[in-house]
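Read through the structure below, which is laid out as structure tokens, and then see the notes.
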Amino acid sequence: QGNSVAADYVKLVSNDEHEFILKRSHAMTSGTIKAMLSYPANFNSNEMSKVQFREIPSHVLSKVCMYFAYKNRYTNSTSEIPEFPIEPEIALELLMAANFLDC
């Protein structure tokens, strides 16, 4: 049972070696991550998948992970959807990451 739980999560690693563990279903918000995880060599059903991002710093990747949770929470929601906060100082980096990640 413990191993199957690991397969439900994915580890994203920033260029400064910070690790973010999130639900695989949330990470699949990204078309790029979805493609990476569906490639057979990167997938072992008993282990947590790991994706390294050499171009994305931790302060941006953490915001991307927050967005994945936000998107998962509010997709098809019937309640009012709050604005997703983006700090102006990371907006450009976040835009570039979102473009790369296809999300």
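The values are calculated or read from the model by the stated rules, or taken from the named source; none is laboratory data. Because the structure is predicted, anything quoted here is derived from the model rather than measured. Using ideal geometry, Cβ is built from the backbone for each residue, glycine included, and neighbour counts are taken over all protein chains shown. Surface areas here come from the heavy atoms of the whole protein model, side chains and all, with no ligands, DNA or RNA. Shrake-Rupley method; radii C 1.70, N 1.55, O 1.52, S 1.80 Å.
A 1.4 Å probe, protein heavy atoms only, puts the accessible area of Leu22 near 20 Å². Mean residue ellipticity, 222 nm, helices only, the chain: the sum of -39500 (n - 2.57) across DSSP H runs of n ≥ 4, divided by residue count and rounded to 500, is -12500 deg cm²/dmol.
Stretching the chain fully between Ala98 and Arg24 yields a gain of 24.9 nm (0.36 nm per residue, less the alpha carbon separation). Between Glu93, Glu83, Glu47, the residue with the greatest mean-square fluctuation in the GNM of the chain (Cα pairs under 10 Å linked by springs) is Glu83.
For the chain, the per residue solvent-accessible surface stands at 65 Å², with DNA, RNA and ligands left out and a 1.4 Å probe. Amide H to amide H, with H built 1.01 Å from N, Val51 comes under 5 Å of Lys11, Leu12, Val13, counting only residues 5 or more places away or on other chains.
Note that segment 87-103 has calculated 3J(HN,Hα) couplings of 6, x, 5, 10, 4, 5, 4, 5, 4, 5, 5, 4, 5, 4, 7, 6, 9 Hz, one per residue in order, obtained from phi through the Karplus relation 6.51 cos²θ - 1.76 cosθ + 1.60 (θ = phi - 60°); glycine and proline are x.
Here is the list for segment 13-103: trypsin sites (Lys or Arg not before Pro) lying in DSSP coil, each with at most 16 other C-beta atoms within 10 angstrom of its C-beta, are Arg54. Just checking my list [x] 14.4; [y] 14.7; [z] 15.3 against Kirkwood radius over Cα pairs in Å computed from this structure; which label fits? Entry [x].
Using a 1.4 angstrom probe on heavy atoms only, work out the carbon and sulfur share of the accessible area of segment 27-103 in %. It is 54 percent, rounded to a whole number. Net charge dipole, the chain: roughly 420 debye, given to the nearest 20, about the Cα centre with Cβ charges of +1 for Lys and Arg and -1 for Asp and Glu.
Each of Thr32, Thr78 has its accessible area taken with a 1.4 Å probe; listed largest first, they run Thr78, Thr32. Roughly what angle does helix 58-74 make with the longest principal axis of the chain, taking Cα atoms, 0 to 90 degrees, to the nearest 10? Between helix and principal axis, roughly 90 degrees.
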